[in-house]
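See below for the structure under consideration.
The values are calculated or read from the model by the stated rules, or taken from the named source; none is laboratory data. Note that this is a predicted model, so its numbers are computed, not measured. Glycine gets a Cβ as well: all are built from the backbone with ideal geometry, and neighbour counts include every protein chain shown.
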Amino acid sequence: MSIRSKVAGGVFAVALAFSMSGAASAACVKKSAQATSGSESSAKWFAMETMVQAVSWGLWPGWVATGEVSGYTVKKERYKCSADGGSYTCISWATFCQK
């Protein structure tokens, strides 16, 4: 086997490893959003709605109907909310992983 074919084989193996690791990490995405509404629970709902839309607009109708993100597991869902006069503003974070 020539040095040239060994180098080409090594480059192919490294490229394959990177593509496989990229595919594995692409299964999860982190999202964040901010929403303001008249109640804290409503602001959290709108923040989550925005994150779902950011993952995929196709998920939105099912999430509105059922409250579940079809085909995804939602991990590390967090909110930081504060009162702003007569309303609440919530910043949200979550990781969406394909099932």
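Restricting the range 60-86 to residues that are touching a residue at least 12 places away in the same chain (Cβ under 8 Å) and assigned to a loop (DSSP other than H, G, I, E, B), the residue that is farthest from the chain's Cα centre (by Cα) is Gly86.
Out of Tyr79, Tyr72, one residue alone is closer than 15 Å to Phe46 by Cα and at pLDDT 90 or above. It is Tyr79. The set of residues in the range 57-76 that are within 14 Å of Lys31 (Cβ to Cβ) and surrounded by fewer than 14 Cβ atoms within 10 Å (Cβ to Cβ) comprises Trp57, Thr73, Lys75, Lys76. The set of residues in the range 87-99 being surrounded by fewer than 17 Cβ atoms within 10 Å (Cβ to Cβ), modelled with pLDDT of 95 or more and more than 12 Å from the chain's Cα centre (by Cα) consists of Ser87, Thr89, Ile91.
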